[in-house]
Structures are given as C-alpha cells and as structure tokens.
Amino acid sequence: MKFIQTELKDAYLIELEEFKDNRGTFARQFCKKELKANGIDFEICQCNISKNYKKNTLRGMHYQKAPYLEPKLVSCTNGALYDVIVDLREDSPTYLKWQGFELTADNNRVLYIPPMFAHGFQTLEDNTVVYYQIGEFFQPDYYDGIRYNDPQIGIRWKNLGEPIMNERDRNYKLL
C-alpha cells in the first residue's frame, strides 16, 4: 500500500500494490498495521455498498457529527466515480477546502477520509459500485450534510449538468 498525502490535512489517497500472474491479480485493500504506521488509527465498524445505476448520479455531501465522527475508506469496485471531500474541521489549516479524486474499478485507489470531512461522489459511468469501510456506527440523529453546490466551497464537479439526486442531498443547507 502506497500512502499519498492529499492537499487536505490528514486525508490520504492509497494506491494498492497489485500482484499479477496468469490467474489474474491480487491486492491488499486493508491493513490495520500499515494504516497505523501512516498515522491512521482505523477500526472498521461497518461496511456499505452503494450501487448506482446511471452515470451522473450524485450522492453527498454527507458527514456525521460528534460524538459519532465517521472516518471512511472508500473504493470503487465497478465503474468509475469522482469522489469529493471537504474539510469541515474549524481548527484545520485546510478548513472548507475541497479536493476530488477519480476512483475506478481498475486504478487500485482507496481514499481515506478523516472524521469531520463531508463526502460525496458523482458517478462517471453507468452501474458504478462504491464500497465503504466505516470507522463508526451509523447514528441517524448525528447524520448531516452540506449542499453539493455551496458557493462558499466551490466544488467543481465533472461536467455535472443536471445530476440524478435525492431531495435530501439536493436541499442540504448552505454554509
């Protein structure tokens, strides 16, 4: 596993080391010891799968509030997505900064998202499947989000046009 520090403090893009032979490939996606060696203390509490039927589906921008802060490891198992994170930690030097990453079924990337980061994604292909490993249990009373097009943040989505979204995500509050 190769850990690449993103522009946002404490967030990492992890490139998986793939081993190939005549049968196919193998890559380790999660290793508690390697995460800890890179300053990430991560305990998996639940794993989620998001199946998205159409290109240009947008989900987000979600986060979970204290005391149930939610770190995540996100990867793509089918298709392709543009994964976006926003630092919501008021004491962070990268507060309200955002960054986007292309995750695909073929590029062997995992995004580590620290607690108190908003997270969302836009599908770039039909039938995109997203796999989440989450470091906190879902607590509906502490679940929240910010608007995907908040002008204070200024996320530049990929040729977004009119996204496929649910009403909750479309109507989150502006900062």
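The values are calculated or read from the model by the stated rules, or taken from the named source; none is laboratory data. Remember, it's a predicted structure, so these values are computed and weren't measured experimentally. All Cβ positions, glycine included, derive from the backbone under ideal geometry; neighbour counts span all protein chains shown.
All of Lys55, Lys51 fail the test of being over 17 Å from the mean Cα position of the chain (by Cα), modelled with pLDDT of 95 or more and within 15 Å of Asp83 (Cα to Cα), apart from Lys55. For first residues located in region 35-56 and in a strand (DSSP E or B), partners that are surrounded by fewer than 12 Cβ atoms within 10 Å (Cβ to Cβ) and at pLDDT 95 or above and lie 6+ apart or on another chain with Cβ distances below 8 Å form the pairs Gln46/Phe137. Asp10 meets the stated requirement of being surrounded by 12 or more Cβ atoms within 10 Å (Cβ to Cβ) and at positive phi. Counting only residues that are farther than 14 Å from Leu58 by Cβ and touching a strand residue (DSSP E or B) at 6+ places or on another chain (Cβ under 9 Å), region 126-168 holds 17 of them. In this structure, Cys31 does not satisfy being within 19 Å of the chain's Cα centre (by Cα), among the hydrophobic types (A, V, I, L, M, F, W, C) and within 27 Å of Pro140 (Cβ to Cβ).
Check region 135-151 and report whether any residue there is modelled with pLDDT under 95 and of a type in the set (Gly, Ala, Ser). No, there is no match, as no residue in region 135-151 is modelled with pLDDT under 95 and of a type in the set (Gly, Ala, Ser). Quick one: is Phe42 farther than 28 Å from Glu167 by Cβ, surrounded by fewer than 14 Cβ atoms within 10 Å (Cβ to Cβ) and either touching a Pro at 6+ places or on another chain (Cβ under 6 Å) or among the hydrophobic types (A, V, I, L, M, F, W, C) (or both)? Spelling it out, it is not the case that Phe42 is farther than 28 Å from Glu167 by Cβ, surrounded by fewer than 14 Cβ atoms within 10 Å (Cβ to Cβ) and either touching a Pro at 6+ places or on another chain (Cβ under 6 Å) or among the hydrophobic types (A, V, I, L, M, F, W, C) (or both).
From the set of residues in region 70-80 that are of a type in the set (S, T, N, Q) and surrounded by fewer than 22 Cβ atoms within 10 Å (Cβ to Cβ), which is farthest from the chain's Cα centre (by Cα)?
It comes out as Asn78.
The rows are residues; the columns are (1) surrounded by fewer than 20 Cβ atoms within 10 Å (Cβ to Cβ); (2) free of Cβ contacts under 8 Å to residues at least 24 places away in the same chain; (3) among the basic types (Lys, Arg); (4) assigned to a strand (DSSP E or B).
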residue	(1), (2), (3), (4)
Phe3	yes, no, no, yes
Leu58	no, no, no, yes
Met61	no, no, no, yes
Tyr68	yes, no, no, no
